[in-house]
Amino acid sequence: TGLGAEDDIPLCERKTVTDFCYLLDKSKQLFNGLRDLPQYGHKQWQSYFGRTFDVYTKLWKFQQQHRQVLDNRYGLKRWQIGEVASKIGQLYYHYYLRTSETSYLNEAFSFYSAIRQRSYYHQVNKEDRPELVVKKLRYYARFIVVCLLLNKMDLVKALVKELSDEIEDYTQRFNTEDQLEWNLVLQEVAAFVEADPLMILNEDNGVVVISNRLQEGGVPSLEQGMVVGQLSLADVLIIGNCNNQVKFSELTIDMFRMLQTLEREPVNLATQSSKPGTLEPNEKPAKRENPHKYLLYKPTFSQLYTFLSASFKELPANSVLLVYLSATGVFPAGRSDCEGPYDCGGVLTNTNRDVVNGEMVQKRNQAQKEMHCLHPGDLYPFTRKPLFVIVDSSNSTAYKNFSNLFGQPLVCLLSPTVYPKSMQDQSQRGSLFTLFLYNPLMGFLSVCGLTSMRNGLWEKAQELLRKVFHDIGQMITSSRVIDQAYLQFYGDEFLRLLMIRFVFCCTTLRLHKIFQEARSFPESYPPLPKQEMVESSLLQKHVLDLAAMLDVQNLFSDGMLDNY
């Protein structure tokens, strides 16, 4: 408003501006308070999040209802509306991170998408304020993360191109110091998009994007007569510390894959359109469809133990805690015999010193052990409740000598520790073992060196895999010698799928000609019955049938050679 013109503003309009300023301040204050909330625990944060959502809902509706007055009397700019929409998108994204409810990703997407469609940030480039441009760049980075999680790859590519242009414009106009950081963001997301080892093509040679979340009918169902446990997967810790692996926004590619493996396909909650209108953050789905997850990128030992303890403490009755470790191996110095739970080394969750060629360099003081190494013994206290562990590491076998001290169901799925030379250069694009657990067919094609495939053949191969998985399920549930822990976990759909995919991975690698060493095969604790499962003639036949379908049977042995 012009000087001296304030007296001319009608009282009701002045009140509108005052109310808007109050809501704006309140929303910023609550939003900034979110970062002070504890990152763990399910309940402490919910009421605060609810209050923050309420204020943003009011603010969003208020600016829609009074846009004319706010334009004239407050000088509301489009980028300010964009800023509110961006904050709401962030709220939904963080709500997803805390609840693991994938539907909130759709809500975040609808707000971020509206910002782009309505060009809310378009005018920012005309203002001589670098901090506003940075807001725009950060919006792009956040939008890209949400699109990656929703597998909207075409949109990711378009956004990366736009972000690249924006960064170029920004660095030319404001000779800033953060140019390298923004270029690194671009490189990271480009590498992330390229990480999948396979392209599925339709008739027009367009790339088909497939979802790897659990879909209806995507897991062999329980059949009459199967005696399995009633446990359900409630909490998951996904831990990533692989130095040479592509990552984006504190998610390594392995973490990203495991996170989707443990989620169901999202459904839209309220917004069927891309218009941000009503916000109903408290409209929760009737039942929590996905296990709750903590994503821990390079956690220190104390952070990891804090989250483990919080998960353990809040684990409901008849529930399972899953710990997934994708990290560099730490090996014991000197003695090769493994006696106790702290003698075999473990995995490194936080790198605070040199790693050479992906392996820990031993410190000069041999007596002093690595502080951020998670040893098998560190997990012993948590075996008081059902525990499912997946270790993808060059020292995964440290967990082979686990002890079940409390008699609760306990299973560890362990990756190969050495891959054939020809496979090793792929590790930057994610681990082969995790790839099998995430998308078994992609894992199979990856070991066969296939990089593209027609959609029709992909569907046929998936159809065969469904039959294979059904048979593996039958083997697990009908075995008389399998450890009971596998049956206890089989009742949960996510754990059932992981165990079945694990068995398929074991059989595939044992039959593949270039996997010769015992160290190149996955292992488990308790061990699975070899003869009647991973080396069964029925499963071998299935793997060879799949190889024949894909015309790669020359890469596999006809029968099982005893590797031991």
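Helical content of the chain, expressed as a calculated mean residue ellipticity at 222 nm, amounts to -14000 deg cm²/dmol (DSSP H runs of 4 or more residues, -39,500 (n - 2.57) each, divided by residue number, nearest 500). Helix 493-511 axis versus longest C-alpha principal axis of the chain: approximately 50°, rounded to the nearest ten.
Keeping every protein chain in place, order Tyr92, Tyr305 by accessible area at 1.4 Å, biggest value first, i.e. largest first. Could you put the intermediate results ahead of the total?
Numbers: Tyr92 5, Tyr305 65 Å².
Ranked list, largest accessible area first: Tyr305, Tyr92.
Going by accessible surface with a 1.4 Å probe and the largest first, Asp392, Asp19, Asp54 read Asp54, Asp19, Asp392.
Using heavy atoms of the protein chains and a probe of 1.4 Å, the accessible area assigned to Glu265 is about 80 Å². Taking 7 Å steps out from each Cα toward its Cβ at Asp71 and Lys28 produces label points 2.4 nm apart. In the complete set of protein chains, residue-level accessible area for Lys157 is approximately 110 Å², probe 1.4 angstrom.
Plugging the Kirkwood radius over Cα pairs into Stokes-Einstein for the chain, at a temperature of 10 °C and a viscosity of 1.306 mPa s, what D comes out in µm²/s? Intermediate results must be reported in sequence, preceding the final value.
Details: Rh = 25.9 Å.
This corresponds to a translational diffusion coefficient of 61 µm²/s.
Sequence-distant contacts, meaning Cα pairs under 8 Å at least 6 residues apart, place the relative contact order of the chain at 14 percent. Taking each residue as 0.36 nm, the span from Thr351 to Asp54 lengthens on full extension beyond its C-alpha to C-alpha distance by 102.9 nm.
Using 15 Å as the cut-off for backbone N distance, which residues of the range 66-82 belong to the label zone defined by a point 7 Å from the Cα of Asp8 along Cα→Cβ? Residues 72-74 fall inside that zone. Each label point was placed 7 Å from the Cα along the Cα-to-Cβ direction; for Leu555 and Gln428 their separation is 2.1 nm. Can you give the FRET efficiency to the nearest 0.05 for Ala333 and Asp19, using r as the Cβ-Cβ distance and R₀ = 60 Å? Computed FRET efficiency for Ala333 and Asp19 comes out at 0.35.
Taking the C-alpha atoms only, the angle from helix 130-149 to the longest principal axis of the chain is near 40 degrees. Ligands, DNA and RNA aside, Tyr525 has an accessible area near 40 Å² when probed at 1.4 Å. Only the Cβ atoms of Lys and Arg (+1) and of Asp and Glu (-1) were treated as charged; on that basis the dipole of the chain about its Cα centre amounts to roughly 940 debye. Ranking of Phe331, Phe31 by solvent-accessible surface, largest first: Phe331, Phe31 (1.4 Å probe, protein heavy atoms only, all chains present).
Compared with the alpha-carbon gap, the fully stretched path from Ser221 to Arg384 is longer by 55.8 nm at 0.36 nm per residue.
One decimal place: the segment Lys513-Val193 gains 112.2 nm when fully extended, by the rule 0.36 nm per residue minus the C-alpha distance.
About the centre of its Cα atoms, the range 448-517 shows a dipole size close to 240 debye [charges on the beta carbon of Lys, Arg (+1) and Asp, Glu (-1) only; nearest 20 debye]. Taking the chain as a whole, the Cys residues whose C-beta sits 4.7 Å or farther from every other Cys C-beta are Cys12, Cys21, Cys147, Cys242, Cys373, Cys412, Cys448, Cys505, Cys506.
Rounded to the nearest 10 degrees, what's the angle between the helix 301-314 long axis and the longest principal axis of the chain, both from Cα atoms, 0 to 90? That helix lies at roughly 90 degrees to the long axis.
The values are calculated or read from the model by the stated rules, or taken from the named source; none is laboratory data. In this text the structure is predicted, and so the values were computed from the model without any measurement. Because the Cβ atoms are built from the backbone with ideal geometry, glycine has one as well, and the counts that use them run over all protein chains shown. These accessible areas exclude ligands, DNA and RNA; they are computed on the full protein's heavy atoms, side chains included. Shrake-Rupley method; radii C 1.70, N 1.55, O 1.52, S 1.80 Å.
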